[in-house]
Amino acid sequence: MIRSAAPVAAGFAIAVLLQLAAGSVVGPFAVKLLMDIGINVVLAVSLNLVNGFTGQFSIGHAGFMAVGGYVAGCITYYGSFLLWGGASVRPGLLSGGTLLFLGACLVGSLVASGAGFLVGLPSLRLRGDYLAIVTLGFGEILRVMLQRTGDVLTDPASVKGAAATTLATSLGGSLGFSGLPYYTNLLWVYVFVTVTLVVALRLKFSSYGRAFLSIRENEIAAEAVGVNTTRLKVRAFVLAAAFAGLAGGLFAHEVGVSLNPRELGFQKSFDIVIMVVLGGMGSVSGAVLAAIVLTLLPEALRSFSEFRMPIYALALILMMILRPQGLLGLREVWELPWLRRRSAGGGTETA
Amino acid sequence: MDGVAVGSLYALIALGYTMVYGILQFINFAHSDVFVLGAWLSYTLAVAFGYAAAGAHPPLAAGLLILVGAMAACGLAGFTIERLAYRPLRRAPRLNVLITAIGVSLLLQNVGQLKWFFGTQPQRMPSLIDDKILAVVAGVQIHLVDLAGAGTALLLMLVLDWLIFRTRMGRAMRAVSHDTAVAALMGINVDAVVSFTFVLGSSLAAAAGFLYAMKYPGLNQPAHATWVLLGLKAFVAAVIGGIGNVRGAMLGGVLIGFIELFGAAYLSPHLRDIYVFSILILVLLLRPSGILGKAVAEKV
C-alpha cells in the first residue's frame, strides 16, 4: 500500500494539473487527444495483462469496453433523468452529476468484469486459440445484441414512466447511444490511468505477476510447480475486463464520441491488440508508449487514412517475423540497457 | 434446402481451417479472407467477361471457367501467404503465429478495400444461372442455385476425400498431420505438403466464395463484419466436427447450416449469430475434441 502511495499521489497531481492547465494552454482539440490517449492507455495496459503477461489471446477487448460503456452510459443518462429531470451535465468537482458518473463507471467496470468471468470461464480451460475465437465471437454477439436495442428515450415523462427493463434496453440500437452528458475530463481520465498503471506495475513485480508470466512462458511447467493456471488465467481476464469496462465508461462520456456498436466492434479490439503487440508483450510502459503513438499517428497521417489499416497489418506481420516479443519485449522503458547504468542484476528478458 | 446449401458452404470453408489446423496446429485466421477474396474475384471475373447485364445468363462453361479461375487465383494467394508470412514462423510460439495470421487477415481485408482493388462499395454479383424453382417437395422449394451450389460443394468434397484418403499426397498429408517430425524423417517433404495444404484449402474457400456470391449476390465490402462472422461460423463448424478431422468438418458445416437456419426460422431470426456461438461454447465444454475428433492428451 505504502509503496503505491507515492506514484498514486504523483499521478493524481498530474491529473489535476492537466485538468487545470491543459485547456487554456493547448486548446480543446489537444485536450480531446489527451483524453483519447488516456483511454487507449487504460485499454492497452489492461489487455496487456491477458495478452502480454499471461500469454493468452483475447481479441474481444472492445466488447468489454462496450459493456462498461453502455452500462455506465445507461446509468448516468437515465439516472440524470430520474434525479434531475434532464441529461445535461451538472458541473462542479464533486457535484451530484460527477458522483453519479463515477459510480456509473465503477458499476460498468464491475459488470464488464462479470462478463469477463462468464466468457473466460469456459474458454480458459482450453487452449489459447479457442479463447481468441470465443472472445471474437463474444464481441460480435454483443454487437448484434446492442444493435437490436430500442431508441433512446428523450423526454423526462416517458423515462419516469418506463420500467427498469425498458430503460436498460433503450440504448439507441445501431444508431448509437446519443445525448450522454459529457462528464469525462482530463482529471478523471488520468486518475483512472494512474490507478491502472499502478495496479499493472505492482502486479507485474509481485508474486502474482510472476505467476502470470510463468503461465505465459510454459503452462505445463507452471502447473507443475503449483501455479493454479486456470484460476489465474480467469483472474487476469476478469481484471483486464474490469479496466476495459472503466475505459468504456470514460469513452461513453467523452466529448465528440458516439457510443455505437460499430465503433466498438472487432476493429477496435484489433487496434488495442496492435498497441500491445507493438509496445511489447508484457511491458506496461511499452503499451503506454504504443497507445500514445498509435493515437497520435492517425492524426498525423490523416491524408493517408486509407493506408492506415494496411500499414498496421503489415507492421503486425513484420513485427512477428522480425521481433516477436514486441519493441520492448518484457522490459519497461527504464530497464532498457542504454538507459540504466551497468547494474549487476540484469536480464529479465525472455524469448 | 437453404440449410443444405449454406451448410455445404460452411463445410467447404471449414475444410481449409481443419486441414491447416491438422497439420500446423494453428487457426488460420486469414482463411475467411481468402473466402472473401474468392467471392470478389468471382465478381471481378464475371464482370470482366461481360456478364454484368441482368438476365443474360452465360453458358455453363463460362460459369465453370470463373469458378476455376477464382480457385486458381486463391490457391496462389494461399501459397504466397504461407510462404511469406507463416513459413518463417514455423518454429515460433503459437501465439506469434496466431498474431501473424490476424495480421494477414487484416492486410487482406484492408488491401482489398483500397480503390485499386475492390473498393469500399458493395457490389452486385451478376447472376450466372437462372434461379428457378425446380420442384416443391413437402412444402420445401428446391431452387436451382441451391442445388447447383450444394452439388458443386459435394463434388469438391468427394474429390478432396479421394485426394486425402486415396492418393500418395493425401497419405503424406495425413502422415505430417499425425507427427510432423517423424513424417520428415520418413522422407516426406513437409514444406511441400504444407504448401499443398494451403493451396487446397484456399481453392476450396474460393469455391465457397463463388457459390456464396451466386446465392447471395449482394457482396459487401471486403472488411465488412458479415464476412468475419461467416468465417467464424465456418471455424465453429470445424471445431464442432472435430478440428483436424476432414470428414468432421463436412459434417460440422452442414450441421451449423441447419442449426442456424432452423433457429432463425423457428426461434428468432434476429439472433441467428447467437445460436452458433452458443453451440460452440457447449461443444467446448462438453466435448472439446468435437463430434468426430479423438481426444488427445496434451504431451508433457
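The values are calculated or read from the model by the stated rules, or taken from the named source; none is laboratory data. Because the structure is a prediction, the values reported are computed rather than measured. Here the Cβ positions follow ideal geometry from the backbone for every residue, glycine too, while neighbour counts run over all protein chains shown.
Annotations for the structure displayed:
- Test for B:L282: is it modelled with pLDDT of 75 or more, within 13 Å of chain A (Cβ to nearest Cβ) and more than 21 Å from the chain's Cα centre (by Cα): yes
- Residue match in region B:85-95 (condition: away from every other protein chain (no Cβ under 14 Å) and not hydrophobic (A, V, I, L, M, F, W, C)): no
- Scanning region A:49-92 for residues that are hydrophobic (A, V, I, L, M, F, W, C), assigned to a loop (DSSP other than H, G, I, E, B) and over 30 Å from B:L95 (Cβ atoms) turns up A:A87, A:V89.
- Residue match in region A:173-184 (condition: away from every other protein chain (no Cβ under 14 Å), surrounded by fewer than 17 Cβ atoms within 10 Å (Cβ to Cβ), at pLDDT below 85 and at positive phi): yes
- Condition met for B:T120 (more than 18 Å from B:A208 (Cα to Cα), among the β-branched types (V, I, T), within 11 Å of chain A (Cβ to nearest Cβ) and over 20 Å from the mean Cα position of the chain (by Cα)): yes
- Test: residue in region A:296-307 that is crowded, with 16+ Cβ neighbours inside 10 Å, in a loop (DSSP other than H, G, I, E, B) and more than 8 Å from chain B (Cβ to nearest Cβ): no
- Yes/no for B:S202 being over 17 Å from the mean Cα position of the chain (by Cα), part of a helix (DSSP H, G or I) and either over 21 Å from B:A14 (Cα atoms) or in contact (Cβ under 8 Å) with a residue 40 or more places away in the chain (or both): no
- Out of A:G96, A:G150, A:G86, A:G139, one residue alone is away from chain B (no Cβ under 14 Å) and modelled with pLDDT of 80 or more. It is A:G96.
- Screening the candidates A:L131, A:L118, A:L146 for the property of being exposed (fewer than 15 other Cβ atoms within 10 Å of the Cβ), outside any loop (DSSP other than H, G, I, E, B) and either charged (D, E, K, R) or under 24 Å from the mean Cα position of the chain (by Cα) (or both) yields one hit, A:L118.
- For region B:103-115, filtering for residues that are part of a helix (DSSP H, G or I) and within 7 Å of another protein chain (Cβ to nearest Cβ) leaves 6.
- For region B:231-281, a residue qualifies if it is over 26 Å from B:S177 (Cα atoms) and either of a type in the set (K, R) or touching a residue at least 40 places away in the same chain (Cβ under 8 Å) (or both), and the qualifying residues are B:G257, B:F258, B:E260, B:L261, B:F262, B:R272, B:D273, B:V276, B:F277, B:I279.
- On the stretch given as region A:307-351, residues that are modelled with pLDDT under 75 and either in contact with a Leu (Cβ under 9 Å, 6 or more places away or on another chain) or among the hydroxyl-bearing types (S, T, Y) (or both) total 4.
- Selection status of A:V119, modelled with pLDDT of 80 or more, farther than 17 Å from A:G63 by Cβ and not basic (K, R): no
- Test: residue in region B:127-139 that is closer than 24 Å to B:F35 by Cβ, out of contact with any Gly (no Cβ under 7 Å at 6 or more places or on another chain) and in contact (Cβ under 8 Å) with a residue 24 or more places away in the chain: yes
- Among the residues here, B:A265 qualifies as at pLDDT 75 or above and farther than 30 Å from B:G75 by Cβ.
- Members of region B:93-141 that are among the small types (G, A, S) and either in contact with a Phe, Trp or Tyr (Cβ under 8 Å, 6 or more places away or on another chain) or at pLDDT below 80 (or both): B:A101, B:S105, B:G112, B:G119, B:S127, B:A135, B:A138, B:G139
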